[in-house]
Amino acid sequence: MPEPAVYLETFGCQMNELDSELVTSQLRALGYRFTPEAEQASIVLYNTCSVREHAEQKVWSRLGEMALRKARQPELVVGVLGCMAEREGDALLKRMPVVDVLVGPGELDKLPGLLDNALRTRLSLLSDETVQRLAATPETHKPDVNLLRSAGQVALAGNTSRRSATLAAAQDTLEMLDLARAVEPDHHSGSAYVRITRGCNKFCTYCVVPFTRGAEVHRPPQHIVDECKRLADAGVVEITLLGQTVNHYRFEHGAAVTVGGVVQPQKGRVYKHTRGEYADPYAGENVTTFADLLAMIHEQVPAIRRLRFVTSFPRSFGDDVLTVIRQSPRICRYLHVPAQSGSDRMLGLMNRGYTVSEYLEFIDRARSFLHQPEIGRPLTLAGDIIVGFPTETEEDFAATADLLRKARYKNCFIFKYSPRPGTIAIDRFTDDVPDEVKRRRNNQLLALQNEISASVSAEFVGQTLDVFVQGVSKRAAKRKVAQATAARPAGAVALTLGGKSLDGSEPASACSVHGSHVHDEQPVAAATADAGPIQLSARTDGDIIVFFDCPPGRSPDDLVGEIIPVKIDRHEPLALHGRPVL
Ligand code: SAH
Ligand code: SF4
Ligand code: F3S
């Protein structure tokens, strides 16, 4: 029987990737070992996403496989973490009794206690070796029985309540999870996520996130700056700040609550909409705004050579933020600012709170502040679009295509509307756009965006760009695996470099902790004559993927995590190719 090892697979957004990283470091600190092979694990965890039905279907099918496996391996522990655990709750346990542990995103700090409990209830099924290991668990990590609810293994809602900031006197234990983040020089790739805001108060009618992630909460600025400093001290050079609407970050120091000596995160208030005014209405001595936060990190943590943030909300994005970006050489000229639709009628039904002309005005304003190709600092934009939202006509759709042409995103994620239980749209509107129409609109926009992306990337050919080297490209990693499997016994395969295997289809997620990424790393050897050069994958300041061959005589290990100049000689819609200028 294999000794206990954890397999963790992550679905969904960067927020989930960060959660998985925090969970991983928390469990590692308690002595758990991770494996990239689900088959070799005795604890299988899925960190799930509910944003579209498709995301949930993948997890249901994984759980179906686990049910079969548990029939032959009864000591297996299966856990569902994240947004799907929160949205489905106990219903998930009823449909899939194979699940032992269920933890929503607001209660991830409870996972060790729940896992420990799940393992103990299986003591009679476990090997002597495992029993001994569990017996050695320190008293401080013994499960807290008060945490265990009806099914014994459920901890869902946590800090998702929508109380006012002044009432938030209870300690935010989730904040402790972020604060306890173990920053190990060995377990990062030079790039990291840092959360600034949790939850969301926007209630776009299609969206499940305000229900799964709960009320918007802003982390104390000092916690964020300190975390960036600790990451920088461990060698991280690129940080992406995370929040659903980062530009609405605001921390009022006068209203700060301290519990046990720790300043608590603060509930977001309704963000005053500033139509036509572009200064942050909350700026002032006693308030840290998003612009202030960016300036603080840039100034106080100069070792961070690239600072990015996602996601920006198109409403109330102040000139103060744009000014800080323009003045700060280490803040990337990149904005991910989803429009969702190019039709005012759709935007109204979606409850986005802006019009198409306001959106385009923002894009123009951002470009006039930040697009400076003449000094090698162009602005790149990325977007999200939903097609087939209820009642969307061909005219609405044509308006969205028009918006794509005007916005000129470097890339845009295009989604077919997926009705989500619990959202406002599913109650209020009939999902009346047939699936084949959604699919056609989706394909048409993808083709259009492909042309736009190609013309955006063509502009970089001939330029020398500073790129952040993330790892071996997926193509190179696959080839390496084929060679390794031929040369070594099964199960001893070096899959990735620095835990990374990336290709053009993945969003910027150098900190990805997908199950297959969490394992003991083995470095990829230097380029060898017989195998040919190893292709590396990197990103520009504007988050465009760049592929290049590792130069002869250089080891990929030396280059990963570095920022190096690459001369671009060829382009694809979603990637550039070039040669390092070393
Ligand atoms: N906070 C971000 C988006 C978070 S969800 C923002 O407001 O921009 C990521 C993306 O998933 C959204 O931008 C949207 O395009 C898409 N999405 C969310 N709910 C969806 C649904 N029900 N159907 C299809 N796409 C959806
Ligand atoms: Fe969802 Fe809207 Fe919040 Fe984004 S802003 S997470 S789309 S509710
Ligand atoms: Fe999915 Fe939850 Fe992120 S629903 S997109 S994992 S916030």
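The values are calculated or read from the model by the stated rules, or taken from the named source; none is laboratory data. Small disclaimer: the values here were computed from a predicted structure and weren't measured. When we count neighbours, we look across all protein chains shown, and the Cβ atoms used for this are built from the backbone with ideal geometry, even at glycine. These accessible areas exclude ligands, DNA and RNA; they are computed on the full protein's heavy atoms, side chains included. Shrake-Rupley method; radii C 1.70, N 1.55, O 1.52, S 1.80 Å.
A single entry from Pro210, Pro221 fulfils the requirement of being at pLDDT 95 or above, within 16 Å of ligand 1 (Cβ to nearest atom) and crowded, with 19+ Cβ neighbours inside 10 Å: Pro210.
Taking the stretch 23-33 as the range and being more than 14 Å from ligand 3 (Cβ to nearest atom) and open to solvent by less than 10 Å² (accessible area, probe 1.4 Å) as the test, the residues that pass are Thr24, Leu27.
One residue is enough: does the stretch 385-393 have a residue meeting the conditions part of a helix (DSSP H, G or I) and more than 16 Å from ligand 3 (Cβ to nearest atom)? So far as the stretch 385-393 goes, no, none of its residues is part of a helix (DSSP H, G or I) and more than 16 Å from ligand 3 (Cβ to nearest atom).
Take the residues in the stretch 190-199 that are part of a loop (DSSP other than H, G, I, E, B) and either out of contact with any Pro (no Cβ under 9 Å at 6 or more places or on another chain) or closer than 10 Å to Lys267 by Cα (or both); name whichever of them is nearest to ligand 1 (Cβ to nearest atom).
The qualifying residue nearest to ligand 1 (Cβ to nearest atom) is Gly199.
Exactly one residue out of Pro434, Pro421 is within 16 Å of ligand 2 (Cβ to nearest atom), open to solvent by 20 Å² or more (accessible area, probe 1.4 Å) and not assigned by TED's automatic domain parsing to the domain that holds Asp543, and it is Pro421.
Select, from Glu238, Glu227, Glu216, the only residue that is over 20 Å from Gln340 (Cα atoms), within 14 Å of ligand 3 (Cβ to nearest atom) and either assigned by TED's automatic domain parsing to the domain that holds Glu175 or touching a residue at least 40 places away in the same chain (Cβ under 8 Å) (or both).
Details: Glu238 fails: within 14 Å of ligand 3 (Cβ to nearest atom); Glu227 fails: within 14 Å of ligand 3 (Cβ to nearest atom).
Result of the check over Glu238, Glu227, Glu216: Glu216.
Within the stretch 202-210, does at least one residue satisfy the condition of being more than 19 Å from Glu17 (Cβ to Cβ) and touching a Cys at 6+ places or on another chain (Cβ under 6 Å)? Yes, that holds for at least one residue.
Inspect the stretch 6-19 for any residue being farther than 13 Å from Cys83 by Cβ, open to solvent by 30 Å² or more (accessible area, probe 1.4 Å) and touching a helix residue (DSSP H, G or I) at 6+ places or on another chain (Cβ under 6 Å) and give the result as yes or no. For the stretch 6-19, residues farther than 13 Å from Cys83 by Cβ, open to solvent by 30 Å² or more (accessible area, probe 1.4 Å) and touching a helix residue (DSSP H, G or I) at 6+ places or on another chain (Cβ under 6 Å): absent. A Cβ distance below 6 Å, combined with a sequence gap of six or more or placement on separate chains, defines the contacts here; from the stretch 195-209, residues that are within 16 Å of Met176 (Cα to Cα) reach residues that are assigned to a loop (DSSP other than H, G, I, E, B) and within 13 Å of ligand 3 (Cβ to nearest atom) in the pairs Ile196/Gly243; Thr197/Gly243.
When residues of the stretch 167-207 are filtered for being of a type outside the set (A, V, I, L, M, F, W, C) and at pLDDT 80 or above, how many remain?
Of all residues in the stretch 167-207, those of a type outside the set (A, V, I, L, M, F, W, C) come to 171-173, 175, 178, 181, 184-191, 193, 195, 197-199, 201-202, 205-206.
Those still in the list that are at pLDDT 80 or above too: 175, 178, 181, 190-191, 193, 195, 197-199, 201-202, 205-206.
Selection size over the stretch 167-207: 14.
Within the stretch 59-79, no residue that is of a type in the set (Asp, Glu) sits with its Cβ atom under 6 Å from a residue that is open to solvent by 30 Å² or more (accessible area, probe 1.4 Å) and at pLDDT 95 or above at 6+ positions apart or across chains. Can you pull out the residues in the stretch 385-400 that are surrounded by fewer than 18 Cβ atoms within 10 Å (Cβ to Cβ) and either among the hydrophobic types (A, V, I, L, M, F, W, C) or in contact with a His (Cβ under 8 Å, 6 or more places away or on another chain) (or both)? Result: Ala398, single match.
Given the criterion over 30 Å from Asp435 (Cα atoms), assigned by TED's automatic domain parsing to the domain that holds Thr10 and either of a type in the set (Phe, Trp, Tyr) or buried (at least 21 other Cβ atoms within 10 Å of the Cβ) (or both), identify the matching residue among Val59, Val78.
Details: Val59 fails: over 30 Å from Asp435 (Cα atoms).
Every option except Val78 fails the conditions.
From Glu21, Glu107, Glu39, which residue is over 22 Å from Leu177 (Cβ atoms) and of a type in the set (Asp, Glu)?
So the residue among Glu21, Glu107, Glu39 that is over 22 Å from Leu177 (Cβ atoms) and of a type in the set (Asp, Glu) is Glu39.
For the stretch 40-55: of the residues being more than 26 Å from Arg28 (Cβ to Cβ) and out of contact with any strand residue (DSSP E or B) (no Cβ under 7 Å at 6 or more places or on another chain), which is least open to solvent (accessible area, probe 1.4 Å)? Checking each candidate, the answer is Ser50. From the list Arg28, Arg33, the lone residue that is free of Cβ contacts under 8 Å to residues at least 60 places away in the same chain, of a type in the set (Lys, Arg) and away from ligand 2 (no atom under 16 Å from the Cβ) is Arg33. Residues of the stretch 189-203 that are within 11 Å of ligand 2 (Cβ to nearest atom), out of contact with any Phe, Trp or Tyr (no Cβ under 7 Å at 6 or more places or on another chain) and open to solvent by less than 10 Å² (accessible area, probe 1.4 Å): Gly199 alone.
Output the residues belonging to the stretch 401-413 that are open to solvent by 20 Å² or more (accessible area, probe 1.4 Å), in a strand (DSSP E or B) and more than 7 Å from ligand 1 (Cβ to nearest atom).
Taking the stretch 401-413 as the starting set, the residues that turn out to be open to solvent by 20 Å² or more (accessible area, probe 1.4 Å) are 402, 405-406, 408, 410-411, 413.
Those still in the list that are in a strand (DSSP E or B) too: 411, 413.
Scanning the stretch 401-413 gives a single hit, Asn411.
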